[in-house]
Amino acid sequence: DVTYALSEHDGTEWVTHLEVADGDRMLASARIARSYRPGTTIRTVLSDAYGSVGQQLPDNVKSDPAFGRTLPNGYSAFGDLRQFMTKILRPLGYSWSVQDGKIQVLSPEGTTNTVWTLSSANAMIGAPEFGQPPRTTKKGKKKHPTVTVKCLLYPQLRPGGIVELQSETISGSFKLLSVKHKGDYLGKDWTTEVEINPLSVVTERTN
């Protein structure tokens, strides 16, 4: 959905700038206004949230035991759907986004189970790069650094999927956190940059 557009004269050319957002029109006016009795499951509340935009719960939400928890004191859901989704999912450690017009809910370790391979023989450019070093959270859980990988344009990649990374320095299974595409039809720069997080033991090699 186009959220902003501007055309300007640049020398002998007209340049149009666009800002677009997946599902923006769907969510712009989406509201929820429901009250729930004590004992209502979080899954029931989420089902109504999905229904407010004409969608059904995805299979991973239907089967996830975390959403079988009940609301001991009842619950009032009222207002902007985007704010509500964040409010109810954040205490559980879950996040949500819109992918191809569908609301996607995932746990920190959850994925869509769609697998892509990135390797030197399969579009990867250069070597993967680690972000911040590993650290331990306040709850004593080790947080792995993210890894940035650049490759030739790979439009099939979607956040929440799984990347099987194979390189001379790092190999393993990773959750795809973000995807950035870059291209210029007048130039040669057609690339995709992804940020990924380890799902399995990562093998590092040093020379």
Do you know which residues across segment 94-109 are more than 20 Å from Phe174 (Cβ to Cβ) and outside any strand (DSSP E or B)?
-> Asp100, Gly101
Output the residues belonging to segment 183-196 that are at pLDDT below 90 and either within 27 Å of Pro108 (Cα to Cα) or open to solvent by less than 70 Å² (accessible area, probe 1.4 Å) (or both).
-> Gly183, Gly187, Asp189
Assuming Gly39 fulfils every condition listed in (1) open to solvent by 60 Å² or more (accessible area, probe 1.4 Å); (2) modelled with pLDDT of 90 or more; (3) farther than 28 Å from Ser178 by Cβ apart from one, which condition is it?
-> (1)
Among residues belonging to segment 15-66 that are among the aliphatic types (A, V, I, L, M) and farther than 17 Å from Lys87 by Cβ, point out the one that is farthest from the chain's Cα centre (by Cα).
-> Val15
How many residues, within segment 92-125, are touching a residue at least 40 places away in the same chain (Cβ under 8 Å), open to solvent by 50 Å² or more (accessible area, probe 1.4 Å) and among the aromatic types (Phe, Trp, Tyr)?
-> 0
Taking segment 17-44 on its own, how many of its residues are aliphatic (A, V, I, L, M) and closer than 24 Å to Gly110 by Cα?
-> 3
Working only within segment 67-84, note down all residues that are over 19 Å from the mean Cα position of the chain (by Cα) and either within 20 Å of Arg31 (Cα to Cα) or among the aliphatic types (A, V, I, L, M) (or both).
-> Leu71, Gly74, Tyr75, Ser76, Ala77, Phe78, Gly79, Asp80
Which one is surrounded by the fewest Cβ atoms within 10 Å (Cβ to Cβ) among residues in segment 45-79 that are more than 23 Å from Pro108 (Cβ to Cβ) and without any contact (Cβ under 8 Å) to a residue 12 or more places away in the chain?
-> Gly54
Any idea which of (1) β-branched (Val, Ile, Thr); (2) surrounded by 14 or more Cβ atoms within 10 Å (Cβ to Cβ); (3) in a helix (DSSP H, G or I) is the one Ile32 doesn't satisfy?
-> (3)
If we keep just the residues of segment 145-168 that are assigned to a loop (DSSP other than H, G, I, E, B) and open to solvent by 50 Å² or more (accessible area, probe 1.4 Å), which is modelled with the lowest pLDDT?
-> Glu168
Report whether or not Ser63 is in contact with a strand residue (DSSP E or B) (Cβ under 9 Å, 6 or more places away or on another chain) and among the polar types (S, T, N, Q).
-> no
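Matching residues to (1) touching a Gly at 6+ places or on another chain (Cβ under 9 Å); (2) of a type outside the set (A, V, I, L, M):
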{"position": "Asp22", "(1), (2)": "yes, yes"}
{"position": "Arg34", "(1), (2)": "no, yes"}
{"position": "Asn60", "(1), (2)": "yes, yes"}
{"position": "Ser63", "(1), (2)": "no, yes"}
{"position": "Gly74", "(1), (2)": "yes, yes"}
{"position": "Ala77", "(1), (2)": "no, no"}
{"position": "Leu81", "(1), (2)": "no, no"}
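The values are calculated or read from the model by the stated rules, or taken from the named source; none is laboratory data. Just so you know, these numbers come straight off a predicted model, no measurement behind them. Counting neighbours? That spans all protein chains shown, and the Cβs are built from the backbone with ideal geometry, glycine included. Note: areas computed on protein heavy atoms with side chains; ligands, DNA, RNA excluded. Shrake-Rupley method; radii C 1.70, N 1.55, O 1.52, S 1.80 Å.
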